[in-house]
1. Determine the per residue accessible area of region 211-257 with all protein chains present and a 1.4 angstrom probe, expressed in square angstrom.
2. Whole percent per 5 Å bin, from 0 to the bin with the longest distance: what is P(r) over all C-alpha pairs of the chain?
3. Using only alpha carbon pairs under 8 Å that are at least six residues apart, calculate the relative contact order of the chain and give it in whole percent.
4. In terms of solvent-accessible area of protein heavy atoms at a 1.4 angstrom probe, what is the ranking of Glu51, Glu254, highest value first?
5. Shape of region 180-259 from its Cα gyration tensor (a ≥ b ≥ c, root eigenvalues): rounded if a/c is under 1.5, otherwise prolate when a/b > b/c, or oblate?
6. Leaving out ligands, DNA and RNA but keeping every protein chain, what accessible area does Trp205 have, in Å² rounded to the nearest 10, with a 1.4 Å probe?
7. For region 1-47, what is the accessible area per residue in Å², given a 1.4 Å probe and the full set of protein chains?
8. Let me know the shape class of region 52-204, please: from the alpha-carbon gyration tensor, a ≥ b ≥ c as square roots of the eigenvalues, rounded when a/c is under 1.5, otherwise prolate if a/b is greater than b/c, or oblate.
Amino acid sequence: MKYISKLLDEEFLQAEFPDIKVETHVSLPSTQDNLKLKLDKLNQPVLCLAEQQTAGRGRGLNRKWASPFATNIYLSTLYFSPKKLQELEGLSLVLGLSIVKTIKALGIEAKIKWPNDVFCHDKKIAGVLSEAFNNKEKGAKVIIGIGLNVNMDQNQEIDQVWTSLKNESGQYFDRNLIVVNLMKNLMLYFKKFEKDGIAPFLKDWQEHDYLYDKTVSFEAGNQPITGQVKGIDEKGRLLLLLDNHQTISISAGEATLRK
Ligand code: BTN
């Protein structure tokens, strides 16, 4: 039997987050672009959710994010940080860890693949698209976009190995309750990162590091860089041990697993 999913409940979510303006939409091209387009006019935190996205964006050029109706969580939230843009390096890893925490609280194993993809049993379940902008007043405006596969059990359009909370547990989930926990963890982790940086999260990272000791490669011109992952440094950069025993740190890019 196909479930008729409970819809997003704006009133319930607004009551949970009185200091944030909550908006739920039936359909948007992208929750991320919705906030981005009106960024200059926004002067309070916003939580924007959609039942469906018709042009959901993934990280990286021309990457799409599959966003079927009333099935998963498509969330973008605008956060005002007192920190300057350059002080936010490493933030997106911490945001990924907050998703891991939310999933694990449901009794489902989850790991983080650098920089911020969330994996369950070798399959991607969630991704983060974090975009930070200079705030004329002070600090930065950060739009955190999260896609989390919740009740999706089939989708032919996704070109990578994926899973969902339902696939992992056999259970149907009310997305409203997950949004509440996700937002609470997200804010908690963001505030801790603003105060103390990435250092307090290094143990958490080690415990959930999907790539640790695995051999990966990165695109770099026409010669890919290949090495063994050795965790992250204090800025959240990936440490890669090369064949020549040199360790380098990588600050951006997509790690491809080598068999
Ligand atoms: C990734 O490629 O891993 C990042 C995926 C981010 C998807 C989310 S869904 C809500 C928000 N709106 C978008 O268009 N993208 C992000």
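1. Details: 2780 Å² over 47 residues.
Heavy-atom SASA per residue in region 211-257 reads 59 Å².
2. Percent of pairs per bin, in order: 1, 6, 13, 17, 19, 17, 13, 8, 4, 1, 0, 0.
3. On the way: 500 pairs, mean separation 40.3, N = 259.
Once divided by the residue count of the chain, the mean separation gives 16 percent.
4. Working: Glu51 10, Glu254 80 Å².
The most accessible residue leads, giving Glu254, Glu51.
5. Prolate, because a/c is 1.5 or more and a/b exceeds b/c.
6. 10 Å²
7. Values: 3140 Å² over 47 residues.
Counting only protein heavy atoms, the per-residue value for region 1-47 is 67 Å².
8. Working: a/c = 1.89, a/b = 1.50, b/c = 1.26.
Prolate, since a/c reaches 1.5 and a/b exceeds b/c.
The values are calculated or read from the model by the stated rules, or taken from the named source; none is laboratory data. What you are looking at is a predicted structure, and each value in this text was computed from that prediction instead of being measured. We place every Cβ from the backbone using ideal geometry, glycine too, and count neighbours over all the protein chains shown. Surface accessibility is based on the protein's heavy atoms, side chains included, excluding ligands, DNA and RNA. Shrake-Rupley method; radii C 1.70, N 1.55, O 1.52, S 1.80 Å.
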